[in-house]
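Coordinate-derived values only; no laboratory data. What you see is a predicted model, and the numbers here were worked out from it, not measured in a lab. Heads up, the Cβs are rebuilt from the backbone with ideal geometry, glycines too, and the neighbour counts pull from every protein chain shown.
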Amino acid sequence: MIDFEIKNLSRISKERSAEVTTRLKYIIQSIDGDDDKASIRKFIETELVSKDALELRKHIKANIPDVDMSFQFVCSNCDYSGRMDVPLTVQFFWPSS
C-alpha cells in the first residue's frame, strides 16, 4: 500500500520528502488519542515540522524490530576476528556436497 502510493506520488513529484511523509502517514497510528486517518494525514502535511519529523524517524529506526544477520567470525588460519553478515545465497539453502 505504501509503495503503491509512493509510486503514484513519484509521477507527480521527484521529492524525497513525499516518500518520508507518506511512510509517516502509515506508521503513525494516533496523535493525542485521535486515530482518524484524515486527521493524521492533515497533521503530517501541515503541522509536523521537519526537525520533529527527523527525530521521529530516528526514534522509529532505533526501535523497529529487526533481525541481526551477522555473526562473530574467527579465522582458524590467521586468527582474524570480526563481525560478518550471513551470506544468504542459494548455496546457503542448498549447499553443494
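A few points about this structure:
- Short-range pairs are left out: with C-alpha atoms under 8 Å and at least six residues apart, the relative contact order of segment 24-83 is 17 percent.
- Normalised contact order of segment 50-97, rounded percent, pairs of Cα under 8 Å and 6 or more residues apart: 23 percent
- A value for Rg and Dmax of the Cα atoms in Å was derived from the coordinates, and within the list (1) 15.6, 43; (2) 20.8, 61; (3) 14.1, 40 it appears as (2).
- Top positive-direction residue, dipole computed over the chain with Cβ charges, set 87, 73, 33: 87
- Segment 88-95 - phi-based ³J(HN,Hα) in whole Hz, Karplus 6.51/-1.76/1.60, Gly and Pro as x: 8, 10, 4, 5, 5, 8, 10, x
- Coupling constants for segment 19-24 follow from the phi torsions by the Karplus curve (6.51 cos²θ - 1.76 cosθ + 1.60, θ = phi - 60°), and in residue order they are 5, 5, 5, 5, 4, 5 Hz; glycine and proline get x.
- Packing-based exposure ordering (other Cβ within 10 Å, fewest first) of 1, 84: 1, 84
- In a simple Cβ point-charge model (Lys, Arg +1; Asp, Glu -1; nothing else charged), the chain has a dipole of about 360 debye relative to its Cα centre.
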